1. What distance in nm separates the two pseudo spin-label positions at residue B:81 and residue A:3, each 7 Å out from Cα along the beta-carbon direction?
2. Residues with beta-carbon under 9 Å from that of residue B:237, excluding residue B:237: net charge, scoring Lys, Arg +1 and Asp, Glu -1?
3. For the range B:65-263, what relative contact order do you get, as a whole percent, if you take Cα pairs closer than 8 Å and at least 6 residues apart?
4. If I model a spin label at residue A:43 and residue B:71 as a point 7 Å from the Cα along the Cα→Cβ vector, what separation in nanometres do I get?
5. For a label point 7 Å from the Cα of residue B:208 along Cα→C-beta, name the residues of the range B:51-83 whose backbone N is under 20 Å from it.
6. Going down the list B:134/B:160; B:95/B:160; B:111/B:134; B:112/B:134; A:194/A:219, which pairs span over 24 Å between their C-alpha atoms?
7. For the protein assembly as shown, with the dipole built from +1 on Lys and Arg beta-carbon atoms and -1 on Asp and Glu ones, taken about the Cα centre, which of B:328, B:202, B:384 lies farthest toward the positive end?
8. Would you mind computing the Rg to Rh ratio of chain B from its alpha-carbon coordinates, Kirkwood style for Rh?
Amino acid sequence: MSEPLLRLDKVSKIYERGDSKLEVLQQIDFDVYAGQAVCILGASGAGKSTLLHILGTLDRPTEGRVLFNGKDMAKEPDEHLARFRNQEIGFVFQFHHLLSEFSALENVMLPARFAGQSESKAREHALELLQLLGLEDRSDHFPSELSGGEQQRIAVARALVQRPKILLADEPTGNLDTQNSEQIQELFFQFRLKFGLTLVVVTHDVNFASRFPRRMVLKDGHWN
Amino acid sequence: MKSTTRLRIWMVWRYLREGRRFLNPNIILAVTGIALGVAALMISMAVVSGYETTLRDTLVDMEGHLMIVRRGGFARPSQERQVLKKIKSYLPAYKASTPFLMVEGLIVHNKKLSGILLEGVDPKTSAKVIAIQKRIIRGRFDLADEQANGKRIPAAIIGKGIARKFALKIGEIFNLVVPISTGYGTASFTPKVQKFVVRGVLGLGRSDFDDRYIVTDLRSAQNFSDMPGRISGWRIRLAHARDAIPAATALEDQLGPNYWVRSWRDPNRNLFEAVQYEKVVIFIIVLLMEIAAAFNVASTLYLTVVRRYSQMSILRAMGVSKKFVRQLFTTQGLVIGAAGSAFGVLLGWIGCRIFLKLETVYGLFPGKVYKLDHVVLQIRKTDMAVILLVTLVICYVATLAPARRGAKLNPVEGLRYE
């Protein structure tokens, strides 16, 4: 097999408060190959979100390496990591985290605008995705004017507008009813095929987890 | 404009509007605070600068830029031509000159009398040096003698204070008395009386001048004071009023001890210096008000940082750098500062109009105290530039701490909870 797209090499994350230490991740090794769909399961507090944040370079490990195509991202300066996240990674969270002051279309456009794309180009890309999601008629609506399912679908579109290699999702269906949850699950796998995405999803949803060919369980900071 | 700057301004505009609202109330308060500070600075600077300019214009209109007087007696213009030639060669900013004769005397009319200064001016050359014409509020600048019953009566333009005190109207005749020296010693004076006809009334804007000043033709003043062909000295016009201050010192050195040179600023040097100090003090005091308003900007931005904790985190997740987040806050502060400045300028302009109205109706300026009975407000470009620059700098500084805090937020913390 070729080199993994993402690799965690003996990653530990320790939070220190005064004299007490909390070791959230302990010497974790994890390989994700391009195009793979991986689901991470585990009880609350097992370190799933921390692992996802480290994979997405939002957080730095206390020890170990985070390799993307063989390059150790843990050593990169903040500015490089910001560009890396913008170009290579899409995030979807349990809460949609849409910016309330911007319309649905503008929310989707933002990552492209941050990458320096012209407004017209970013608009074109964002509209394309909204059409795929069947939300083009909601493009001028503000987040407060959308339903929970629509908000989360807009968040998915925003995560994908830059055509990232990896989509990291932290409980993306955790806040949705069954119908909307299934819609989102469907979208993930549709887009995985359409864009050749690598998926790493943290979830408690057993149904959702069952759709993944590879499932990993995290317990007390290490793989079970 | 760089695309990131445009993007930042667009985002800030959306934040300020909070989506579809017109403007968020916190921002309105912050902008209002800055606007009030700018308006207060603008009005106070306009009053002080206007006072300075009005005072200068009054002096320059009456006395020209420089006054050169021969010490120890009155001069003959024919003898002074060489001196005038010298003056022209020493002063590169020289534009024009006019002779004058100043005589002290008394006005006697309707059983009242008062001390006056009678200035004889040359109607042919005076207009290029002094601007008495534009200070005439009634009548006209015409110093030709009037014929009455076969007698020639010299014309005079009197200060409005004299006109008021003696109830003199255009065309009315009054008497002036001057002491004529008949020898040496204090008792050797005889009074000489001459009738003058009022041709115009001067409003110089200074009560001490308006109450004492009478202008007549140079020849009439010479004949009346028994000094035919004599003058007190010359009034000089230069390219700019500011040239007069260094020119006066330089020229006095060049002309030697026989001549006394005075610039328009000299008789009121202390007053002008006091005005300059006052201007700085007022600027600092009013600026404190603006600094207080800037705290409002800072607190608004701190509030924004707290409210947008998760937003900043998601922006970071989308690939926004710390620098961009920092700039987002500083731009927000600067936009508040710029909007506050724009509204402040408008408020200041309205305030100035109100001040002028109140000044006209209620006479805000006690002339006896401030030497001027009114002030023309002056909004100087340099004052405005300083006010706006200082405002923006204050707003920028006010944003630094919240901006740094916003940029330092740990994105993971903001994403953990909604």
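Laboratory data are not the source of any read-out in this text; all were calculated from the coordinates shown. On a predicted model such as this, the values are computed, not experimentally measured, just so you know. Don't worry about glycine lacking a Cβ; one is built from the backbone with ideal geometry, like all the others, and counts go over all protein chains shown.
1. It works out to 10.1 nm between the two label points.
2. Values: positive: B:95, B:128, B:235; negative: none.
After counting each charged neighbour, the total is +3.
3. On the way: 421 pairs, mean separation 73.2, N = 199.
It comes to 37 percent, rounded to a whole number.
4. 10.7
5. So the set is B:51-69.
6. Numbers: B:134/B:160 14 Å; B:95/B:160 30 Å; B:111/B:134 32 Å; B:112/B:134 29 Å; A:194/A:219 33 Å.
Check vs 24 Å cut-off fails for B:95/B:160; B:111/B:134; B:112/B:134; A:194/A:219.
7. Working it through, the farthest residue towards the positive pole turns out to be B:202.
8. 1.21
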